[in-house]
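Reading through the structure tokens given below for one structure.
The numbers here are math on the coordinates, done by the rules we state, and not lab data. Everything quoted here is computed from the prediction, not taken from an experiment. Neighbour counts run over all protein chains shown; Cβ positions are idealised from the backbone, glycine included.
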Amino acid sequence: MTKRDYYEILRVKKDATPEEIKKAYRNLALEYHPDRNPSNKKEAEKKFKEINEAYQVLSDPEKKARYDQFGSAEGMGGFDFQGRGFSDSGNFGDFSDIFDSFFGTRTRRSEGRASPQRGANLRYNLEISFEDAAFGKETKIEVPNWETCLTCKGSGAKPGTSPQTCPDCQGTGEIKSTQSTMFGQFVNINTCPRCAGEGKIIKDICVNCKGTGKVKKNRVVNVKIPAGVDTGHRLRISGMGEPGERGGPSGDLYIVLQVKPHKIFKRTGIDISCTHSISFVKAALGGITTVPTLEEKAKLKIPAGTQPNSIFRLRGKGIFKIGTQQRGNQYIKIILEIPTKMDDQQRNLLLEYAKLSGEDLEKLGEKGIFTKIKNAFG
Ligand SMILES: [Zn+2]
Ligand SMILES: [Zn+2]
């Protein structure tokens, strides 16, 4: 293991950013690659190995933290800082292997250089009220989005300048390298690391977008929520996703709905249900009660002799079936209110009622029935 300081090897400061470390590694790896130093191969190999070792540690946040803590590679016994591909075999692989694994250029390349690419789809989670889900709504949302920079028209180059042909690959986006192996010479064609296969490099970057060609801009999107949607429903707005690359079409925007629960109503498909309390007197004698609906309140007729937990239906007071005029029902389960406080007069009237019904509250029935029920449950 080397005794030298990894930061020193990569010629970066201790507080260098991952970008700076990557850049430094790239430059040094290019400079000292054994293929590029045929006259001084031995020395270059040694140096190249050192650079790789340093980069393997400093590019890995975990290893870097350990290295920073212990100050050197020594004394950390057991940690493998060599990593795959570089250490034991003495085979340095070739350029592209290194750059592919470190810079992900293979992916870029397989997508095809300079071909138009469709923009990414965007997902937007939108929470809506129970009522808006039932009746539909038109609303506006602000979608964070990247748009083509108008200053440079997406080129990333400062206005008045234009991206230049990459001098390393002469605009082809590819670099050939020869590798001598025991089987003979191999010519490898690889993605140019300098321009990442684009074939062009930007010298003066556009200040507005910092050379990315895109700027962040919220866009306001009109959303039409149809009546009857439920949680998980997706609305697709085509072409409202991220812009495409190199003239490719924009992606789509997917709005995924989340319906807030209602204080009173529960939903089952297109039907809704709720509970509603009435006095035991009204249940016994019958009458009219006012019940909530999704719209204005409605009157419900309670027939005489209504039993606890009876269910009444309000036809067509539920939720619309998406895309139709068909509407579900509202179901109301009746809860009986038993008074907890009565004045003497009320009490006497009820006692009178009991007497008329032949019910002796003091000794009869209740206990006997209760015991029976208890026995029935074992
Ligand atoms: Zn720009
Ligand atoms: Zn190039």
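Against the empirical curve 2.2 N^0.38 Å, the C-alpha radius of gyration of the range 208-253 lands at a ratio of 1.55. Sorting the segments 201-214, 171-184 by their mean number of nearby beta carbons within 10 angstrom, highest to lowest, gives 201-214, 171-184. In plain terms, the chain from LYS299 to THR340 could stretch by 12.1 nm, reckoned as 0.36 nm per residue minus the Cα-Cα distance. For a straight C-alpha distance cut-off of 21 angstrom, the lysines reachable from LYS42 (same-chain residues fewer than eight places away being disregarded) are LYS3. For the range 232-326, the pair-distance distribution built from all alpha carbon pairs, in bins 10 Å wide starting at 0, is 12, 29, 22, 14, 10, 7, 4, 1 percent.
When the pairs LYS297/LYS333; LYS23/LYS200; LYS301/LYS341; LYS22/LYS217; LYS13/LYS214; LYS13/LYS46 are compared against a 20 Å limit on Cα-Cα distance, LYS301/LYS341; LYS22/LYS217; LYS13/LYS214; LYS13/LYS46 fall above it. Placing a label point 7 Å from the Cα of ASP204 along the Cα-to-Cβ line, the residues of the range 158-195 whose backbone N sits under 14 Å from it are 158-164. Here the calculated FRET efficiency for ASP360 and ARG313, from their Cβ-Cβ distance with R0 = 41 Å, stands at 0.55, rounded to the nearest 0.05. Straight Cα distances below 14 angstrom link LYS14 to the aspartates and glutamates ASP5, ASP68, with same-chain residues fewer than 8 positions distant left out.
Between GLN164 and ASP15, the FRET efficiency estimated from the beta carbon spacing at R0 = 41 angstrom works out to 0.80.
In terms of its alpha-carbon gyration tensor, the range 123-169 comes out prolate; a/c meets the 1.5 threshold, and the first ratio a/b outweighs b/c. If a spin label sat at a point 7 angstrom from the Cα of LEU349 along the line to its beta carbon, the backbone N atoms of the range 245-283 nearer than 13 Å would be those of 280-282.
Given R0 = 30 Å, the distance between the Cβ atoms of SER129 and LYS217 translates into a calculated FRET efficiency of 0.55.
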